[in-house]
Amino acid sequence: MVRTRFAPSPTGELHIGGARTALFNFLFARANSGEFLLRIDDTDVERSRREYEKLLLSELNWLGLSWDNQPERQSERSVIYNKWLDELKERGAVYPCFCSEERLEAMRAEQLAKGEPPRYDNSCRNISRDEAEARIRSGEKFCWRLALPENYIAKFDDLVQGHREFTAENIGDFVIQRSDGTPTYIFASAIDDYLMSVTHIIRGDEHIPNTARQIAIIDIMQWPRPVFAHIPMVLSQERRKLGKRTGSKPIREYRERGYLPEAMDAYLATLSWNIESNNNLNKFDINELAKIFKLEDLSRSSPIHDEAHLLYWQKLAMKSKGGAAIAQELVKLDENFKIYEARLDVLIEDLIDEAPFVNDLRDALSYIANRPNKLLDLNLAWLDDFIDNLNNLADWDAVSIEKFLREFMKERKLKGREFFHPVRVILTGLERGAALPLIMYALGRDECAARLKGAMN
């Protein structure tokens, strides 16, 4: 069975990049009748927060990305990680490293200055067992590093990026348990992916170096390898890594702004995957997206996060949702819309491009739920006759109302502005807005007449 996993670190809120990774893991699992698993990778004890964890779960639920397991926290699995560390010790596959932070930082700076990738120089690897044990007994600070075989090569065929190879020299002996006894992200993830029977690891391409290390652990432990698929990093408009300083916002902010989850899902899907040309696909149904999702269809090039494109999907999603359903949402926000709900659909659909969020529609249509009190200092000799004709109109629909307005204006030889403008202001309190026939239809005959009579008084 196909098993994917999303393993966020609760060190901050869920952003665009992480949400896309979660979506692609979900879609691939559902496309293959598999399971989508959730794990909380909170090995960074200092920065992990439970409030961030709650927000992560909340946003995944909002996006419709339901998981198939009871999520576990890595911080609560130290006994398991220590067991596997002991196994590596017995195999002679790890060694204690006593190098100070100062030495490691100086070595890293020197390597970067030479244009070399930072890696450990294995200086503690040749310390004898007796010396290492004596230094540990003395209380000297140390961590545990994986001892890579000299000629080891981590090879894997990535479903998105293609064939990759990393030699032991490129990787270097890396830390799997810190000096405080906590496991590193690489070590804990390799163990948990094995114990959870994860078959496919789908994550951002910034993790490719981590994958080489994870594969090294897997190979030394002689575990079955999962399949890897590294999706390209989402970039800012300036083609820099998307972050707080380059235009990234938490998913929470989009939800609070009023974005629909189906709009966000559709937008996220377009970041490395072309769904826009598929005219037969309901892009706002996550189950429909899953039916056609294939990792092989993803692009290797980094997508650009575009707020305008996201807004485009929001407008399409609102139109797909339909005016009747949105009217129900308006009623939830303001009960005063209730008596107009059945006639609001056409007016709402006319305004979506201008007001693509439910809260914006509520504000734009506030004159529907609450009578305006704007006074006009005009002598409208035709107003009483207009009300009488309005009350006698046979059919109350937008088409009939528009025809009536045109005919009345023509019969009274009124100019457009001297007729339409005062009627609009009386009914809405606004100088401009949606088409007048749609407004009048939404208000209803009786309410239109009442507001017009109020202007006469």
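Any read-out appearing in this document is the output of simple, stated calculations on the displayed coordinates, not a laboratory observation. Computed from a predicted model, the values in this text were never measured in an experiment. Ideal geometry is used to build each Cβ from the backbone, glycine not excepted, and the neighbour counts take in all protein chains shown.
Between segment 247-261 and segment 415-447, what's the alpha-carbon centroid distance in Å?
34
If every alpha-carbon in segment 17-82 counts as one equal scatterer, what log10 I(q)/I(0) does Debye give at q = 0.16 1/Å?
Taken in order of the listed q values, log10 I(q)/I(0) reads -0.61.
For segment 94-253, just run the numbers: alpha carbon Rg, then divide by 2.2 N^0.38 Å, N being how many residues it has.
Cα Rg divided by the expected 2.2 N^0.38 Å: 1.19.
Where does segment 239-392 land on Rg/Rh, using Cα atoms and the Kirkwood Rh?
Details: Rg = 21.2 Å, Rh = 18.7 Å.
Answer for segment 239-392: 1.13.
Taking all pairs of different Cα atoms in segment 313-457, averaging 1/r and flipping that mean, what Kirkwood radius in angstroms comes out?
One decimal place: 15.8 Å for the Kirkwood radius.
Would you mind getting the Kirkwood hydrodynamic radius of segment 45-155 from its Cα pairs, rounded to one decimal in Å?
It is 18.1 Å.
Based on the Cα gyration tensor of segment 240-297, what are the three equivalent ellipsoid semi-axes, each the root of five times an eigenvalue, rounded to whole Å and given largest first?
Whole-Å semi-axes of the equivalent ellipsoid: 24, 16, 8.
Do you know the relative contact order of segment 13-91, to the nearest whole percent, from alpha carbon pairs under 8 angstrom that are 6+ apart? It would help to have the intermediate numbers written out before the result.
On the way: 51 pairs, mean separation 30.2, N = 79.
Once normalised by length, the contact order is 38 percent.
With 20 Å bins from zero, work out the P(r) of the chain over every alpha carbon pair and list the percent per bin.
Final binned percentages: 20, 39, 23, 13, 5, 0.
Using θ = phi - 60° and the Karplus relation 6.51 cos²θ - 1.76 cosθ + 1.60, list the HN-Hα couplings for segment 401-411 in order, rounded to whole Hz, with x at every Gly or Pro.
5, 4, 4, 4, 4, 5, 5, 5, 5, 5, 5
How big is segment 290-363 along each principal axis, measuring the range of its Cα positions in Å and listing the largest first?
For segment 290-363, the Cα spread along each principal axis is 52, 26, 19 Å.
Using alpha carbon coordinates only, what is the Rg to Rh ratio of segment 262-329, with Rh defined as the Kirkwood radius?
Rounded to two decimals, Rg over Rh is 1.00.
Need one number: nm distance between label points at ALA324 and ARG417, each 7 Å from Cα along Cα→Cβ, rounded to one decimal.
Going by the 7 Å Cα→Cβ label model, 4.1 nm.
Considering the convex hull of the alpha carbon atoms of segment 162-258, report its projected area averaged over all viewing directions, in nm², one decimal. Intermediate results must be reported in sequence, preceding the final value.
On the way: hull surface 38.2 nm².
Hull-based average projected area comes out at 9.6 nm².
Using the 4.7 Å Cβ rule, please list in number order the cysteines from the chain without any candidate partner.
CYS99, CYS143, CYS448
Grab the eigenvalues of the alpha-carbon gyration tensor for segment 382-431, scale each by 5, take roots, and send me the semi-axes largest first in whole angstrom.
Computed over segment 382-431, the values are 17, 13, 11 Å.
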